[in-house]
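Colleague: I am attaching a structure below and will ask some questions about it afterwards.
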Amino acid sequence: MKTSNQWIQHFNENAKRERVNWSLKPSISDQEIRTILRSLQAWQLGETSDGTHLLRAAAKYAAQIDDAAYVVATLLFIKEEQKHGNNLGAYLDRLGKPRIKADLGDTLFRKVRYFNTNMEIWTLAVTVVESTAQIFYQSMKDATGCQLLKQICTDILIDEAHHIEFQTERLSTIFNSKPTFLKMISHKAYYLFFFSTALIVWMAHKQLFKAGGNTFKRYMLKMKYKYNRIMSRVTSNSSVLAIAQ
């Protein structure tokens, strides 16, 4: 498990890496655009949050555990997410397609997080969204022959793997600070939230997921694998897992 200062170092070093060749021009068919555009626009909007409410929750939590560096690490995490939004936006600009300003799924998520100052809920929510994002961006990468878009997706996928690690480590710290009976309750709540969110994301972007080679069954199997992997990292208490399942 990395310290907050080690995560700061990671995010600072990763910010220096350029994985997208912006000299490439979009080479995407009209059919591909029709298939992915709505999802691309919606996800681009979702990646552009200023992170104000997350930072507020992080600051509150950091004060409780006396780890001011965690706030800095969270800020750098947010900046990396914003980079994703900027890159997707730049791609939309090159296609001559608009960046949307509203999306139902994004609006609902923003309203929920507006009132949330609980770090556990924040961390769980981000972990779930990042997990669906891995399948989303891999599907987008597989659904197009455009090398520029493929590179953008690859860059995001590399970042997302570290983002899940960052959030999972924090969720583990929070989870394992609880007494056993609360761990059992939390585990059930995590499961319900994880797969409810996964279902909502599928319904919103099933055309894109299918274009990337995913049936609903395949998508949910991937999400189940991700959930099991995340929970194995979150807790080392197998008795709690056995009872909860």
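Any read-out appearing in this document is the output of simple, stated calculations on the displayed coordinates, not a laboratory observation. Keep in mind that what you see is a predicted model, and the values were worked out from it rather than measured. Neighbour counts run over all protein chains shown; Cβ positions are idealised from the backbone, glycine included.
Colleague: I want the local charge near Leu75. Using Cβ-Cβ distances under 14 Å, sum +1 for each Lys or Arg and -1 for each Asp or Glu among the other residues. Show your work: numbers first, answer last.
Modeller: Details: positive: Arg56, Lys79, Lys83; negative: Asp50, Asp67, Glu80, Glu81.
Local charge sum for Leu75: -1.
Colleague: Something else: Using the beta-carbon distance between Asp30 and Thr173 and R0 = 41 Å, what value does 1/(1 + (r/R0)^6) give for FRET efficiency, to the nearest 0.05?
Modeller: My answer for the efficiency is 0.25.
Colleague: Could you tell me the center-to-center distance, by alpha carbons, between the range 73-103 and the range 212-226 in angstrom?
Modeller: Measuring centre to centre over Cα atoms gives 25 Å.
Colleague: At 0.36 nm per residue, and after removing the present C-alpha to C-alpha distance, how many nm does the segment from Ile200 to Leu221 gain when stretched out fully?
Modeller: On the way: separation 21, 0.36 × 21 = 7.56 nm, distance 1.53 nm.
My answer for the length gained is 6.0 nm.
Colleague: How much net charge surrounds Leu95 when only other residues with a Cβ under 14 Å from its Cβ are counted (Lys, Arg +1; Asp, Glu -1)?
Modeller: On the way: positive: Lys25, Arg34, Arg38, Arg94, Lys97, Arg99; negative: Asp30, Glu32, Asp93.
Charge balance in the 14 Å sphere: +3.
Colleague: Where Lys and Arg each count +1 and Asp and Glu each count -1, what net charge lies around Leu182 among other residues with Cβ under 13 Å from its Cβ?
Modeller: +2
Colleague: Hey, another quick one. From the residues Phe166, Thr154, Phe136, which one has its Cα farthest along the dipole of the chain in the positive direction, the dipole being from +1 and -1 charges on Cβ of Lys/Arg and Asp/Glu about the Cα centre?
Modeller: Phe136
Colleague: Still on this structure, I have one more. Highest mean first, what order results for 5-18, 118-131 on Cβ atoms within 10 Å? It would help to have the intermediate numbers written out before the result.
Modeller: Numbers: 5-18: 13.6, 118-131: 21.9.
Taking the mean over residues of other Cβ atoms within 10 Å, the ranking is 118-131, 5-18.
Colleague: Using the Cα atoms of the chain, I'd like the radius of gyration and the largest Cα-Cα distance, Dmax, both in angstrom.
Modeller: 18.2, 56
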